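Q: I have a structure I would like to understand better, so I am pasting it below and will then ask my questions one at a time.
The values are calculated or read from the model by the stated rules, or taken from the named source; none is laboratory data. What you see is a predicted model, and the numbers here were worked out from it, not measured in a lab. So basically every Cβ, Gly included, is an ideal-geometry build from the backbone, and we count neighbours across all protein chains shown.
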Amino acid sequence: MTSRTAILLSGHRQVANDAQACPPRRIVGMCDIFISASWYPVALRRDRPIPDVRLHKRGPMLQEYFDELKHVDGKPSWLFDPKTVVEQSNLFTFHPEVRELHAYVLDDENTSNHHFLITAEPLAGCIFFLSHDDDSRVVFDSISDFLNAVNAAQARGLSVSNFHPHLSPVAKDQAAMTSFMHALFQRGECNDLIVSLIPSLDLKDISLLQMLVSDSDFYLGEAVAIEIGKRPSNALLPIATACANHIHLQVSRAGTRALQRIQQLS
């Protein structure tokens, strides 16, 4: 699957387009802070006023993260301290993933990939991985799972990404997750985020999956097909078939693989 995040990060022109589609929104949690005009890229400031910066005390979820971080042995240098979390999170607010999930950047391993703490429902407390070259998705269900991976990576001299689970954790509140996805889809502005969140669905809402596959944005259908291939089920046969018959080659290829995985269940 071609990474939409890589496209998003490739230059200010694409960033500006996404910013116009999804207006900058307040990050809630540690500081209830807006991005400042001095940090905001010129391409984003052309036609949009910049809100004031307003700092407040840390929110409980981010405070919980820093409290647990104290127990990490030999805290690696690539994990940010509280001040850096605030500064760097402001620089990332042009990302729909960051704005809509009220997420805070936690690290920088000099790979152009970052882990974020989500503070907005329906995924509050989960860790989101924003990838430059591969697929962005939720990778840990909790702060403790992330810090356990940090400890393991530190002990073995590896990147935390080596300890990502093959499957994303499924959102605990699927009703809220489905409502959130419907709201994003109806806005028609943040399909990159929808693609990133499909792995967090339990794939039981067939009408939602059909809606995504039927959309003109083939990335949505491809993401659905890829996830069915990872979690095949006979109940998903109609969706996999629709993907396999899709007019776009990327979707049809992923759909064909999903069909094969379902057939292997017999």
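Q: Looking at (1) assigned to a helix (DSSP H, G or I); (2) surrounded by fewer than 22 Cβ atoms within 10 Å (Cβ to Cβ), can you tell me which one ALA149 breaks?
A: The one condition ALA149 does not meet is (2).
Q: Also, quick follow-up: Among the residues of the range 224-266, write down those that are in contact (Cβ under 8 Å) with a residue 40 or more places away in the chain and closer than 21 Å to SER168 by Cα.
A: ILE226, LYS230, ARG231, ALA254
Q: If a residue has to be under 11 Å from LEU259 (Cβ atoms) and assigned to a helix (DSSP H, G or I) to count, how many in the range 216-237 make the cut?
A: Going through the range 216-237 one residue at a time, the tally reaches 5.
For (1) under 24 Å from the mean Cα position of the chain (by Cα); (2) over 24 Å from PHE129 (Cβ atoms), each residue gets a yes or a no:
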{"residue": "ILE198", "(1), (2)": "yes, no"}
{"residue": "LEU212", "(1), (2)": "yes, no"}
{"residue": "LEU236", "(1), (2)": "yes, yes"}
{"residue": "THR256", "(1), (2)": "no, yes"}
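Residue-by-condition table, conditions (1) basic (Lys, Arg); (2) under 25 Å from VAL72 (Cβ atoms); (3) modelled with pLDDT of 95 or more; (4) outside the structural domain of HIS114 (by TED's automatic domain parsing):
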| site | (1), (2), (3), (4) |
| --- | --- |
| ALA153 | no, yes, no, no |
| GLY157 | no, yes, no, no |
| MET177 | no, no, yes, yes |
| LEU184 | no, no, yes, yes |
| ARG187 | yes, no, no, yes |
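Q: Something else about it: Please work out which residue is farthest from the chain's Cα centre (by Cα), limiting yourself to the range 102-111 and to residues that are over 12 Å from SER159 (Cβ atoms) and touching a residue at least 40 places away in the same chain (Cβ under 8 Å).
A: LEU106
Q: Looking at LEU91, is it in contact (Cβ under 8 Å) with a residue 60 or more places away in the chain, farther than 17 Å from LEU62 by Cα, surrounded by fewer than 23 Cβ atoms within 10 Å (Cβ to Cβ) and touching a strand residue (DSSP E or B) at 6+ places or on another chain (Cβ under 9 Å)?
A: No; evaluated as a whole, the condition is false for this residue.
Q: OK, next. Quick one: which of THR111, THR84 is surrounded by fewer than 19 Cβ atoms within 10 Å (Cβ to Cβ), in a helix (DSSP H, G or I) and of a type outside the set (D, E, K, R)?
A: The unique qualifying residue is THR84.
Q: Right, here's the next one. Please count how many residues of the range 152-169 are over 30 Å from PRO232 (Cα atoms) and not in a loop (DSSP other than H, G, I, E, B).
A: Looking only at that region, the number is 5.
Q: Count, please, the residues in the range 191-206 that happen to be part of a loop (DSSP other than H, G, I, E, B) and surrounded by fewer than 21 Cβ atoms within 10 Å (Cβ to Cβ).
A: Of the residues in the range 191-206, 3 are part of a loop (DSSP other than H, G, I, E, B) and surrounded by fewer than 21 Cβ atoms within 10 Å (Cβ to Cβ).
Q: Within the range 154-189, restricting attention to residues that are more than 18 Å from the chain's Cα centre (by Cα) and in contact (Cβ under 8 Å) with a residue 40 or more places away in the chain, which residue is nearest to TYR104 (Cα to Cα)?
A: For the range 154-189, the residue satisfying everything is SER159.
Q: Any residue at all in the range 152-165 that is surrounded by 21 or more Cβ atoms within 10 Å (Cβ to Cβ), among the hydrophobic types (A, V, I, L, M, F, W, C) and in contact with a strand residue (DSSP E or B) (Cβ under 9 Å, 6 or more places away or on another chain)?
A: yes
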